[in-house]
Every structure is written in C-alpha cells, then in structure tokens.
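The next block holds one structure in the form of structure tokens; read it before the comments.
Every number here is computed from the coordinates shown, using simple stated rules; none is lab data. Nothing here was measured: the structure is a model prediction, and the numbers come from that model. Reconstructed Cβ throughout: ideal geometry from the backbone, glycine too, with neighbour counts over all protein chains shown.
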Amino acid sequence: MKKNIALMRGDYSSPEIVAQAVRVLDKIAEKYGHEFVYTDIAMGGNAIDKYGDPFPDQELEKCLASDSVLLGAVGGPKWDHLPGDQRPEKGLLKMRGGMKLFANTRPAKIWPQLASASPLKEEIVAKGIDFVVLRELTGGIYFGEHRTEETECEGKTEKRSVDIMTYTEHEIERIGRVAFETAMKRGKKLCSVDKANVLDSSRLWRSVMHRVKEDYPEVEYSDMLVDNCAMQICRDPSQFDVIVTENMFGDILTDEASEITGSIGMVPSSSLGATTCGVYEPIHGSAPDLAGKDIINPIACILSAAMMLRYSFDMPAEADDIEAAISRVLDAGKRTADIMSEGMECLSCSGMGDAILAEL
Ligand code: IPM
Ligand code: MG
C-alpha cells in the first residue's frame with residue numbers, strides 16, 4: 001500500500017525521535033512491500049522561525065491532504081516570551097481544531113520489563129495497569145475565549161483574565177460514542193470523569209453520557225469527579241479500563257497516568273475525528289534540555305507510528321511487529337536514560353533506534 005505521511009519534526013529534541021520513527025517506518029515498508037511518502041510540515045516553534053506563524057494555513061492544507069500526520073513535539077523556551085496567540089502551542093491547537101480531531105486516545109499500560117520504574121508501590125503495580133484515556137480534544141477551555149483586560153477594584157486598576165469553558169451536546173455525544181465503542185473492544189468498563197458538583201459544562205457532560213449509555217447496555221458505566229479520579233489513578237489504577245473526559249481534565253490526568261507506568265517517554269497517542277486521517281504523537285514535550293545530545297527516548301514516537309499503522313492504515317500485523325520488537329529490546333535489558341535501572345544497558349536515542357531496527 002502507498003501512504004502519504006505528513007511529518008512534523010517539531011522543536012528541540014523532537015527531530016531526533018521523529019528520525020528514529022521514520023527509520024522504523026522505512027524498515028516496515030521494505031519488509032511488507034509498502035511505500036511511505038513523507039512531506040515535511042512546519043508547525044510550532046520551527047514554523048514561527050520560518051513563517052512567523054505557528055501553523056500557517058498552507059501547512060494545515062498539506063495535513064488534510066495526507067493519509068495521516070506523525071508529529072514529535074513542539075514548543076520550548078525560545079518562544080516563551082511570545083504572546084499567547086502566537087506561541088507554538090497555538091499551532092498545535094489550530095492543527096487539532098482545523099483537522100477536527102476531537103478524540104484523543106492515550107494508553108496507560110505498564111510494560112512488565114519496566115514495572116520497577118513505576119513510582120507506585122509494588123503491590124499496587126502488581127494488580128495491573130492497563131487502561132486508556134479518551135480525551136476530548138477540540139472543545140472546552142482550551143478552545144474558549146481567552147482575554148486579559150484592565151479592571152477597577154477599590155480605586156485601583158489591575159488586570160483581570162478570563163478563559164471560558166464551553167461544551168455543546170453534540171461535542172459531548174461524539175466523544176462519548178467513541179469512548180463506549182472503545183470500551184466494547186476492551187474490558188467493557190467506562191468511567192466518565194467530570195466536575196459535575198461545580199461546573200455546568202460538567203453537568204451537561206454527565207447528562208449526555210447517561211443518554212449515550214442507554215445504547216451500550218453491556219458496558220459497565222460509572223461517573224467520577226476529576227479530583228477523586230486523580231487520587232484513584234495512583235491509589236488503585238487497576239480499577240480502570242476506559243476513562244473519558246473533557247479536554248483540560250484529560251490533559252492533566254494523562255500526564256499522571258503516563259507517570260505511573262514508569263516513563264512519559266514510553267506513551268504514544270492518537271488523535272482522530274470522523275475520518276481515518278489522524279495525528280499520531282508522543283504525549284511528552286520537546287525536552288529542550290536533552291536537545292542535540294542524542295539521549296531522548298524515541299520509543300513513544302515509534303509507538304505512535306505503530307498506532308498510525310494500526311488505526312489509520314489498517315496494518316495491524318505491521319503494528320504488532322513494531323510493538324513486539326520494542327518488547328524484545330526491553331527484554332534484552334536495553335534502555336534509554338529515562339528508563340534506566342541497575343544492571344541494564346543504557347543506549348542513546350539513535351542506539352535505541354538501531355536496537356529496534358535490528359529486531360525487525
Ligand atoms: C498535550 C500538551 C498540549 C495540550 C499543550 C502543549 C498545548 O500538553 O498534548 O497534552 O495541553 O494539549
Ligand atoms: Mg499535556
């Protein structure tokens with residue numbers, strides 16, 4: 001099969017991991033007789049440097065014309081001084097909104113080889129960690145109005161900032177359906193996370209989820225408040241199969257969920273909308289402190305490429321092949337610095353790429 005892949009190499013250490021993922025994709029293409037054609041796309045800090053815009057329209061057009069997008073990570077201190085609407089992160093949000101990628105899937109699964117890297121107690125990890133978080137990705141407070149204005153208070157002028165969180169029923173329903181469908185393919189358990197004791201948007205969220213749940217009688221459904229969920233993820237993560245939640249809660253909970261599995265450097269993600277053209281990216285950032293040192297862990301990016309093969313290109317055998325190769329590399333005691341432990345062999349970023357390629 002021929003597939004056009006839009007490549008966002010990203011900022012700081014990100015191009016280093018994307019390079020390793022491309023090597024793996026090329027190996028898969030050779031092994032299975034596919035052709036992957038890459039188009040470089042500027043987004044984030046690199047697009048600001050090149051075009052003065054974190055995600056110009058012509059780059060969005062190229063993404064929409066592709067079969068899917070593979071992204072590293074964007075942002076970093078070089079662009080921190082810029083106003084909110086010109087920052088690299090704005091490019092990411094414009095991409096998600098422009099490609100209508102409302103459903104973000106982030107797995108939290110412990111690799112048995114890395115169980116000791118989890119900060120949780122052994123007896124908690126032993127009960128198993130294997131759940132996915134469905135994060136709503138194109139609505140809520142990240143896409144609401146943001147403004148900062150001057151205001152008068154007791155005769156003094158001060159600043160006042162406003163960020164608005166909005167959800168409509170159809171936005172909640174479509175992510176809800178994806179979450180129930182995901183649960184049906186897994187352990188048939190779904191936990192919807194909100195803050196319905198305080199927020200109107202959460203009360204609407206909950207009522208829509210309850211409506212959708214009528215169509216999925218086989219799924220064991222529960223509601224949980226987000227503060228409780230943050231606690232439950234570290235107290236007993238084995239209780240979760242699928243979690244569905246709004247954009248900001250999902251942003252926060254998925255960092256926590258990745259940490260308990262040992263390293264954020266191991267967690268891939270997919271973002272999809274109504275079509276199979278999606279964006280695949282590691283959930284970690286651009287790691288500016290690691291840039292240029294060839295030490296960042298490329299596995300999350302390589303696993304993201306595997307997810308792209310599985311979910312957008314319908315190539316499950318190829319995806320399994322990549323995941324099994326990574327597992328064998330870990331079995332052999334090979335690690336990168338972030339997942340290093342005593343007695344293991346510490347590899348560079350490209351060294352980890354070599355090791356995975358050798359297993360394919
Ligand atoms: C993520 C990131 C982004 C987000 C930032 C960089 C805007 O933290 O993908 O989780 O908050 O969505
Ligand atoms: Mg985040």
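The table for this structure:
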read-out: Gap separating the Cα centres of region 8-37 and region 242-313, nearest whole Å; value: 16
read-out: Within region 236-254, backbone nitrogen closer than 12 Å to the virtual label 7 Å beyond the Cα of SER222 toward Cβ; value: 236-243
read-out: Cα shape, region 119-260, gyration tensor, a/c 1.5 rule; value: oblate
read-out: Exposure proxy ranking, count of Cβ atoms within 10 Å, fewest first, for HIS146, HIS34; value: HIS146, HIS34
read-out: Per-residue Cβ neighbour rank within 10 angstrom, fewest leading, MET266, MET8; value: MET266, MET8
read-out: Neighbour-count ranking [beta-carbon atoms within 10 angstrom, fewest first] of ARG206, ARG211; value: ARG211, ARG206
read-out: Modelled FRET efficiency - R0 51 Å, GLU173 with ALA337, Cβ distances, 0.05 increments; value: 0.70
read-out: DSSP beta bridges in the chain [antiparallel fraction, %, rounded to 5]; value: 45
read-out: Alpha-carbon gyration tensor eigenvalues x 5, square-rooted, for the chain, Å; value: 31, 26, 21
read-out: Computed E for ALA324/VAL37 - FRET, C-beta separation, R0 35 angstrom, nearest 0.05; value: 0.85
read-out: Protection proxy ranking, peptides 300-306, 259-265, 101-107, average beta carbon neighbours within 10 Å, highest first; value: 300-306, 101-107, 259-265
read-out: FRET efficiency, 1/(1 + (r/R0)^6) with R0 22 Å, evaluated for THR151 and LEU82 via beta carbons; value: 0.35
